[in-house]
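None of the figures in this text is laboratory data; all of them are computed from the coordinates on show. Quick caveat, the model's predicted, so the values are computed rather than measured. Heads up, the Cβs are rebuilt from the backbone with ideal geometry, glycines too, and the neighbour counts pull from every protein chain shown.
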Amino acid sequence: MPQILDGAAIAAAIKQDAKIEVEQLAAQGIQPGLAVILVGHVAASEIYVRNKVQSCAEVGLHSELITPPESVTTEEMLALVAQLNARDEIDGILIQLPLPAHVDAKRLLDAIAPEKDADGFHPINAGRVQSGRPALAPCTPAGVIEMLKRSKIEIAGKHAVVVGRSDIVGKPAAMLLLHENATVTLCHSKTKDLAAITRQADILVAAIGRPGFITSEMVKPGATLVDVGINRINTREEFDRFFKGNEKREAAFAKRGSVIVGDIHPAAFELSSAYTPVPGGVGLLTVAMLMANTVRAAKLRRGL
Ligand code: NDP
């Protein structure tokens, strides 16, 4: 039976560690603070932001939720970021994406002071991650590494194959795995004979955004499968392709009219030695790592 890498348990442990650090900082009169900016009313973003603010309370971080209207301009957002950059009690600044199309997201993300870049998206932090300097790494790939380490899955010397090369997941995941001494192959949509490469993976990280894209034929038996993908499916045909005969999922589908599936076909998990379920895997670590990053930002900024 494969080992299930339990995102909930690992996220709880990461948050507990962050909480202890927050208590230690409190003894020095420091309370790290996270500012979260949520523009407009995107339903999914509102849920994500609620989780983030709630997690801050659990860990003992100060948090501020700032909610500019949908009509906010890039200039107004830049002014807001500048204010937050200047405030000493704010250690982390997070702009919830996506932003309305008329707002220049790249310009805004670049305007966040790198030392307050809790999401780890700033090019300065990307460079620091690449060169192995102390950095705020993007939360999702940092969570993947935490997941593997805390589950005692050896990374050094293993062949890690990452499918997906986005700036927020695939590329930094490859870099962080390299720093852990894996031999890394980074694949993308132009990769030739992808299955021949994924079949070589001891650790396969899928960050593609296509439901069940990695099938059993693409997986080496005994591999560790890390599924970053979060895809909502809402047709019976798709449901049956992934979950036919799965009573628990059937009940969820009947209730909500949709279910979540990752980028790895659930049947492939059966071949693995360990895998991250979706939901309940990597997704839960992202918020936990945001808490860890905010504490880290508070310490780095004060030279602690
Ligand atoms: P992007 O769309 O930014 O990147 C997708 C990557 O997948 C691209 O590099 C693309 O290649 C590659 N790709 C697409 N099609 C193929 C293909 N047929 N073969 C090989 N590679 C392919 O997505 P993200 O990185 O932002 O997200 C990936 C997934 O992870 C999504 O499902 C997203 O919802 C999820 N996610 C989950 C998070 C969490 O907290 N768990 C956080 C962030 C994302 P190319 O560059 O050539 O186009």
Simple label model, 7 Å out from Cα along Cβ direction - Glu89 to Lys152, nm: 4.4
Length-normalised contact order for segment 206-254 - Cα pairs under 8 Å, 6+ apart - percent: 37
Whole-Hz ³J(HN,Hα) from phi, Karplus 6.51 cos²θ - 1.76 cosθ + 1.60, for segment 6-12, glycine and proline x: 7, x, 5, 5, 6, 4, 4
Translational diffusion of segment 104-191, µm² s⁻¹ [Kirkwood Rh, Cα pairs; Stokes-Einstein; 25 °C; 0.890 mPa s]: 181
Angle in degrees between helix 247-256 and the longest Cα principal axis of the chain, rounded to the nearest 10: 50
Mean Cβ neighbour count within 10 Å, used as a protection proxy, ranking 158-167, 175-184 highest first: 158-167, 175-184
Highest-MSF residue in the chain out of Gln96, Gln16, Gln28 [GNM, Cα springs under 10 Å]: Gln28
Quotient of C-alpha Rg and 2.2 N^0.38 Å, computed over segment 1-83: 1.41
Translational diffusion coefficient (Stokes-Einstein; Kirkwood radius from C-alpha pairs) of segment 1-149 at 10 °C, 1.306 mPa s, in µm²/s: 96
Dipole of segment 85-208, positive direction: furthest Cα of Leu109, Ile124, Cys187, with charges on the beta-carbon: Cys187
Burial order of peptide ranges 51-57, 218-224 (average beta-carbon count within 10 Å, highest first): 218-224, 51-57
The chain: calculated mean residue ellipticity at 222 nm from DSSP helix runs of at least 4, using -39500 (n - 2.57): -13500 deg cm²/dmol
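Apply the Kirkwood formula to segment 227-304: the hydrodynamic radius equals the inverse of the mean of 1/r over all pairs of different alpha-carbon atoms; give it in Å with one decimal. Kindly include the intermediate steps, with their values, before the conclusion.
On the way: mean 1/r = 0.0682 Å⁻¹.
Kirkwood hydrodynamic radius for segment 227-304: 14.7 Å.
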Options Thr74, Asn85, Asn231, ranked by Cα towards positive dipole end of the chain, top entry (Cβ charges): Asn231
Whole-number D in µm²/s for segment 160-257 (Stokes-Einstein; Kirkwood sum over Cα pairs; 20 °C, 1.002 mPa s): 146
Cα long-axis angle, helix 170-179 against the chain (0 to 90 degrees, to the nearest 10): 90
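Below 8 Å, C-alpha to C-alpha, sequence gap of six or more: please give me the relative contact order for segment 235-287 in percent.
Details: 22 pairs, mean separation 14.6, N = 53.
Computed over segment 235-287, the figure is 28 percent.
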Average Cα contact separation per residue, segment 192-304, under 8 Å, 6 or more apart, as relative contact order %: 30
Gaussian network model of the chain, Cα within-10 Å springs - most flexible of Gly127, Gly157, Gly29: Gly29
Evaluated at q = 0.18, 0.29 Å⁻¹: base-10 log I(q)/I(0), Debye formula over Cα of segment 50-121: -0.73, -1.50
Helix axis angle, 43-59 relative to the chain longest principal axis, alpha carbon, degrees: 70
Cα-based radius of gyration of the chain once divided by 2.2 N^0.38 Å, which approximates compact folds: 1.02
